[in-house]
Amino acid sequence: MAVLIKQKMNAQAFDTFVQQPENADKLWEFIDGEVFEVPSNPYVSMIAGLILTAINLYLPNNPIGYVTGEAGGYIVAGERYAPDVAFISSQRQPELARQGYNPNPPEIAVEVISDPSSREEQRQLRMKLTGYLVEGVLVWVVNPEDRIIEIYPPGKPAYTVNAEGVLTGGEVLPGFQLAVKDIFPAQPDQAAE
């Protein structure tokens with residue numbers, strides 16, 4: 001769950017804010033004029049890492065772009081997002097930014113829900129979804145509690161893939177497939193079976 005900094009600001013002020021030494025080692029998002037510190041969550045990070053690893057394993061045979069983790073921020077619709085995992089093609093951007101937030105939005109953004117009961121997290125996620133979709137980003141919202149992934153393809157209806165399904169990369173990552181069950185670690189009662 002992100003922590004809201006009770007202060008409205010514009011994107012330029014946000015960029016200055018995150019460069020201050022006391023803020024440099026933290027992960028920040030700028031959503032709808034609000035500043036959020038994104039706390040660390042090992043479980044969410046593990047799930048995001050499994051998705052990131054699967055995309056990284058796909059890329060050597062399909063060298064079409066770059067995948068980034070939670071520390072790879074992007075400028076999306078004038079805001080600053082830090083998706084848990086993101087992909088951007090080398091056709092859209094030949095090299096990734098080496099500092100600050102990447103100037104182009106990703107083509108795939110993965111958001112892993114850390115606390116499905118948090119109204120604040122759900123509000124932030126819905127605001128980010130709007131920005132992503134305006135920019136034509138394919139969004140995967142991962143819900144570890146329900147073991148489902150909501151898929152938001154730009155310009156098309158959203159749909160859900162459950163733990164028995166397969167996550168695909170669509171037109172962005174042609175041929176990419178990942179069994180959804182492989183994203184979620186076995187639960188203690190399942191591991192004993």
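Identify the residue in the range 135-150 that is assigned to a loop (DSSP other than H, G, I, E, B) and among the acidic types (Asp, Glu) and, among all such residues, is farthest from LEU178 (Cα to Cα).
Going residue by residue through the range 135-150, those that are assigned to a loop (DSSP other than H, G, I, E, B) are 135-137, 144-147.
Next, only the ones that are among the acidic types (Asp, Glu) stay: 135, 145-146.
Values: GLU135: 25, GLU145: 19, ASP146: 18 Å.
Looking at residues that are assigned to a loop (DSSP other than H, G, I, E, B) and among the acidic types (Asp, Glu), I get GLU135.
Of the residues that make up the range 41-54, is at least one touching a Leu at 6+ places or on another chain (Cβ under 8 Å), on the phi < 0 side of the Ramachandran plot and surrounded by 14 or more Cβ atoms within 10 Å (Cβ to Cβ)? Please lay out each step first, then the result.
Here is the first cut: in the range 41-54, the residues touching a Leu at 6+ places or on another chain (Cβ under 8 Å) are 51, 54.
Keeping just the survivors that are on the phi < 0 side of the Ramachandran plot gives 51, 54.
So of that shortlist, the ones also surrounded by 14 or more Cβ atoms within 10 Å (Cβ to Cβ) come out as 51, 54.
Scanning the range 41-54 turns up at least one residue that is touching a Leu at 6+ places or on another chain (Cβ under 8 Å), on the phi < 0 side of the Ramachandran plot and surrounded by 14 or more Cβ atoms within 10 Å (Cβ to Cβ).
Test each condition in (1) surrounded by 13 or more Cβ atoms within 10 Å (Cβ to Cβ); (2) within 16 Å of the chain's Cα centre (by Cα); (3) modelled with pLDDT under 95 for TYR152 and report the one that comes out false.
Among (1) surrounded by 13 or more Cβ atoms within 10 Å (Cβ to Cβ); (2) within 16 Å of the chain's Cα centre (by Cα); (3) modelled with pLDDT under 95, TYR152 violates only (3).
For the range 89-103, indicate whether the set of residues that are under 25 Å from ASN10 (Cβ atoms), aliphatic (A, V, I, L, M), in contact (Cβ under 8 Å) with a residue 60 or more places away in the chain and not in a strand (DSSP E or B) is non-empty.
no
Would you please list the contacts, defined by Cβ atoms under 8 Å and residues six or more apart or on different chains, that run from a residue in the range 152-164 that is farther than 16 Å from GLN177 by Cβ to a residue that is exposed (fewer than 10 other Cβ atoms within 10 Å of the Cβ)?
Within 8 Å, no pair qualifies.
Among the residues of the range 122-131, are any in contact with a strand residue (DSSP E or B) (Cβ under 8 Å, 6 or more places away or on another chain), part of a strand (DSSP E or B) and surrounded by 13 or more Cβ atoms within 10 Å (Cβ to Cβ)? Full working, then the answer.
Applying the first criterion (in contact with a strand residue (DSSP E or B) (Cβ under 8 Å, 6 or more places away or on another chain)) to the range 122-131 yields 124-125, 127-129, 131.
Adding the requirement that they be part of a strand (DSSP E or B) leaves none.
So far as the range 122-131 goes, no, none of its residues is in contact with a strand residue (DSSP E or B) (Cβ under 8 Å, 6 or more places away or on another chain), part of a strand (DSSP E or B) and surrounded by 13 or more Cβ atoms within 10 Å (Cβ to Cβ).
The values are calculated or read from the model by the stated rules, or taken from the named source; none is laboratory data. Everything numeric in this text was worked out from a predicted model, so none of it was measured. Cβ: placed from backbone, ideal geometry, glycine included. Neighbour counts: every protein chain shown.
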